[in-house]
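Here's the structure we're looking at; comments come further down.
The values are calculated or read from the model by the stated rules, or taken from the named source; none is laboratory data. From a predicted model like this one, the values you see are computed outputs, not experimental measurements. Glycine also receives a Cβ, built like all others from the backbone with ideal geometry; neighbour counts cover every protein chain displayed.
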Amino acid sequence: MTATMMLEPRVTTSASDPRLRRMRRRRAVTATLRHLGLIALAALMIYPLVWLLVSSFKPNEDIFKDLSILTTHLTTENYTHAWNAQQYPFGHYLMNSMIISGASIVGNLISCSLAAYSFARLRFRGRNLMFAAMLMSIMLPFHVVLVPQFLIFKHLDWLNTFLPLIVPKFLATDAFFVFLMVQFIRALPKEIFEAARIDGAGHPRMYAFITLPLMVPALATTAIFTFIWTWSDFFGPLIYLRKPSGFTAAIALKGFLDSQESSNYGSMFAMSIVSLVPLFVVFMVGQRYLVKGFATTGIK
């Protein structure tokens, strides 16, 4: 140790330093205000759902008489009455929604992953043009293709069946999921595919045994969003399903409203809560896959 180093004063930060205390106090106040703001925003967003839940236990005549969530007159009559209030038990409509949603998930996982692998790993003429056209279809409103699709399904005699709602999912029509998977596959190390090619693996084996196991987060994200969008879809089933035996839960909820007679809002709210349960379960189970899927695809 030299004399110069011995003479240099050591600067120490004491916990009793007034500037340090003010800085810590300022950070604590900022963090507290930030958390209070987030809690207030969360309460504002969740209030309609809480009101819906409370109103589902109110008598039908008291729902709009008192709009607060504080009430003592609660009953389960809305649930017991609404379950069998229509032509079929509400479980029948839930099962129809589950069939359509499940088949849509399978269709999107198969078709979108195949299309994404083709765009990401295959080299063919017109690939970039086709990929650009697919991305442009995301900006195309659904109502633009509604009439042509309806006429096609009518000529195929698919009306009043689940086919118009399921078959397009097996044709990679959801461009958003194709783009999501393309971004994920392009982020995978190329050395893995080069090593597989050296070992003699072709594209079918690389797709089945390398790509699919590695893109589980993207597949889970696709499955979750497909379920949420299909389960909540009202417009599609309203157009193609006319028989009560094929109604989904979203269409069945409309049956509690009557423009000519009195509407049973209590029953509708009760079955709305029942219809929301699968959505909450799927989201809570798969939320970590959602975060991981978006974090690894480069989508910000």
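Some points to look at:
Here's the yes/no breakdown for (1) farther than 17 Å from I100 by Cα; (2) part of a helix (DSSP H, G or I); (3) over 23 Å from the mean Cα position of the chain (by Cα):
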site	(1), (2), (3)
F179	yes, yes, no
Q183	yes, yes, no
L188	yes, no, yes
R197	yes, yes, yes
Y207	yes, yes, yes
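- Residues of the range 98-134 that turn out to be assigned to a helix (DSSP H, G or I) and of a type in the set (K, R), as a count: 2
- Total residues in the range 150-166, condition surrounded by fewer than 17 Cβ atoms within 10 Å (Cβ to Cβ) and either without any contact (Cβ under 8 Å) to a residue 24 or more places away in the chain or not in a loop (DSSP other than H, G, I, E, B) (or both): 8
- Selection status of L114, at pLDDT below 90 and closer than 30 Å to V282 by Cα: no
- Odd one out for F131 among (1) touching a residue at least 24 places away in the same chain (Cβ under 8 Å); (2) surrounded by fewer than 17 Cβ atoms within 10 Å (Cβ to Cβ): (2)
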